[in-house]
Amino acid sequence: MDLQRRKIILVQEVLRLQNEEIISRPENLLKTKKSELFGKKLTPMSIDQFNHEIDQAMTDSENERITSAVDLRGKVKKMGLTVYRTQFAEDKPEDIFLYIY
């Protein structure tokens with residue numbers, strides 16, 4: 001059986017489920033596996049790349065090509081992504097750090 005057919009059968013089976021616990025298990029497994037795969041794809045950047053990105057960020061800031069954290073959060077919500085945690089630095093909305101997964 002090919003992968004596409006297996007996925008269709010799996011989705012059909014999941015749609016028939018009525019037990020919350022059974023549905024939660026594959027959800028959690030999927031989240032875990034996606035995080036693991038994402039982590040494996042990460043590679044450290046070079047010092048040159050790091051410095052280039054810092055320089056670019058400074059240039060963008062000087063030319064007012066920035067997005068506030070509040071605006072970013074709104075855009076993220078419109079995209080249908082989930083913000084799991086927010087951390088306020090000194091309780092200033094402009095200093096929100098978003099953790100988006």
Within the bounds of region 35-50, is there any residue that is part of a helix (DSSP H, G or I), touching a residue at least 40 places away in the same chain (Cβ under 8 Å) and surrounded by 10 or more Cβ atoms within 10 Å (Cβ to Cβ)? yes
Out of contact with any helix residue (DSSP H, G or I) (no Cβ under 9 Å at 6 or more places or on another chain), at pLDDT 90 or above and surrounded by 10 or more Cβ atoms within 10 Å (Cβ to Cβ): does that describe Arg6? yes
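The values are calculated or read from the model by the stated rules, or taken from the named source; none is laboratory data. Every value quoted in this text rests on a predicted model; they were computed, and no experiment measured them. So basically every Cβ, Gly included, is an ideal-geometry build from the backbone, and we count neighbours across all protein chains shown.
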